[in-house]
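Asker: Right, I'll just put the structure down here and ask away after.
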Amino acid sequence: MSDEIISLIDKDNNLIGSVARKEMRFGIDYHRATYILVFNKKKELIVQKRTLNKHFCPGYYGIATGGVVAHGESYHLSAQRELQEELGLDLTLTNHGLFFTEGESYRIWGKVFSCTYDPNQDGKIIMQADEVAAIKEISIEDILINKKCLKFTPDTLDALHHYVENRLSIQPSDPD
């Protein structure tokens, strides 16, 4: 865990304070996170295998790039930062709105974004070594319908469900 300061929010996504990430009570406290669905030109998702040193779901695949929103940071800026940190990419993001997800060790108000990656225009993916062990390209159908035998983090699976259920309600990417 880093010395990063993150926002504490209530069950309705209202800001109520801040806390050092290492002091966050995951599974009890609510926080904000971003989820960026990175598509290739064939409309497949670029999913990331998490390193084994990750606290949450080590070795699982994250369907979306993203992470915890830092205190004072907008969802949009967090998404841009996470995309740059994890994959070395600076792409135009499309906003697909907010959703809530919770599980045994998380209570998250997340915002879903999407983008399209073209290696001929956008350069090479540079994986963040301490977070991303590998990448794989896989279709939404193989994740949700064909149930490919990969372990996906439950929060990113919820983000994908939100995207699929709401993909016709694309919103401009705003500063928050």
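The values are calculated or read from the model by the stated rules, or taken from the named source; none is laboratory data. In this text the structure is predicted, and so the values were computed from the model without any measurement. Note that we place each Cβ from the backbone using ideal geometry, even for glycine, and neighbour counts take in every protein chain shown.
Asker: What are the pairs, 6+ residues apart or on separate chains, where a residue within region 81-94 that is in a loop (DSSP other than H, G, I, E, B) has its Cβ under 9 Å from a residue that is among the aromatic types (Phe, Trp, Tyr) and modelled with pLDDT of 95 or more?
Answerer: Leu89/Tyr117; Leu91/Tyr117; Leu93/Phe113
Asker: A further question follows. Checking the structure you have, find out if any residue of region 28-41 is hydrophobic (A, V, I, L, M, F, W, C), more than 25 Å from Ser7 (Cα to Cα) and at pLDDT 95 or above.
Answerer: Yes, because at least one residue in region 28-41 is hydrophobic (A, V, I, L, M, F, W, C), more than 25 Å from Ser7 (Cα to Cα) and at pLDDT 95 or above.
Asker: Scan (1) surrounded by fewer than 18 Cβ atoms within 10 Å (Cβ to Cβ); (2) in contact with a Leu (Cβ under 9 Å, 6 or more places away or on another chain); (3) farther than 24 Å from Leu89 by Cβ for the single condition Ile5 breaks and write down its number.
Answerer: (2)
Asker: Go through (1) in contact with a Ser or Thr (Cβ under 6 Å, 6 or more places away or on another chain); (2) more than 24 Å from Thr92 (Cα to Cα) and name the single condition Lys111 misses.
Answerer: Condition (2) is where Lys111 drops out.
Asker: Considering only region 1-24, how many residues are charged (D, E, K, R), out of contact with any helix residue (DSSP H, G or I) (no Cβ under 8 Å at 6 or more places or on another chain) and either assigned to a strand (DSSP E or B) or farther than 17 Å from Glu102 by Cα (or both)?
Answerer: Within region 1-24, residues that are charged (D, E, K, R), out of contact with any helix residue (DSSP H, G or I) (no Cβ under 8 Å at 6 or more places or on another chain) and either assigned to a strand (DSSP E or B) or farther than 17 Å from Glu102 by Cα (or both) number 3.
Asker: Name the one entry in Lys43, Lys54 that is on the phi > 0 side of the Ramachandran plot and of a type outside the set (A, V, I, L, M, F, W, C).
Answerer: The unique qualifying residue is Lys43.
Asker: Need the failing condition index for Gly88 against (1) surrounded by 18 or more Cβ atoms within 10 Å (Cβ to Cβ); (2) modelled with pLDDT of 95 or more, just the number.
Answerer: The single condition Gly88 does not satisfy is (1).
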